[in-house]
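Encoded as C-alpha cells, the structure appears first; notes follow it.
Taken together, the values in this text are just the output of simple stated rules run on the coordinates, not laboratory data. All values reported here derive from a predicted model rather than from experimental measurement. Here the Cβ is made from the backbone with ideal geometry for all residues, glycine too, and neighbour counts use every protein chain on show.
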Amino acid sequence: MQISSYLHVYVHGRSEIDGVVSSELPGLKPVHVFAHYTGERADEIRARFERVHDCVLYERRFPV
C-alpha cells in the first residue's frame with residue numbers, strides 16, 4: 001500500500017535555476033539544487049525540469 005510520495009527535483013543550469021532559486025547573500029549563486037516537490041502540479045514540474053524522479057513510500061503489512 002502506498003503511504004506517501006513526492007518528487008525529487010534536480011535543478012541545474014542557469015536556465016532552470018533563474019526564477020526558481022536565488023540567494024540573499026551577495027556573491028552566492030546557486031549552481032545545482034536538490035529539492036522535494038509535494039504540490040499538486042507534478043506534470044508541470046516534470047515538464048519544466050530535466051531531472052525529476054518519483055519517491056514513493058510503500059508499506060507492506062504482514063499477516064498476524
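Brief remarks follow.
- In the chain, GluC sites (Glu not before Pro) in a DSSP loop with at most 13 other beta-carbon atoms within 10 Å: GLU24, GLU40, GLU50, GLU59
- Equivalent-ellipsoid semi-axes for the chain (Cα gyration tensor, √(5λ), whole Å, largest first): 32, 13, 9.
- Extension gain, VAL56 to LEU28, is 6.8 nm, computed as 0.36 nm per intervening residue step minus the present C-alpha separation.
- When only the Cβ of Lys, Arg, Asp and Glu is charged (+1, +1, -1, -1), the dipole of the stretch 2-58 relative to its Cα centre reaches about 140 debye.
- Lys/Arg +1, Asp/Glu -1 at C-beta; the chain dipole; positive extreme among GLN2, ALA42, GLY19: GLN2
- With θ taken as phi - 60° and the Karplus curve 6.51 cos²θ - 1.76 cosθ + 1.60 applied, the whole-hertz 3J(HN,Hα) list for the stretch 41-48 is 10, 4, 4, 5, 5, 4, 6, 7 Hz, x standing for glycine and proline.
- Annotation note: trypsin sites (Lys or Arg not before Pro) in the chain located in DSSP loop regions with a Cβ neighbour count of at most 11 within 10 Å are ARG41, ARG60, ARG61.
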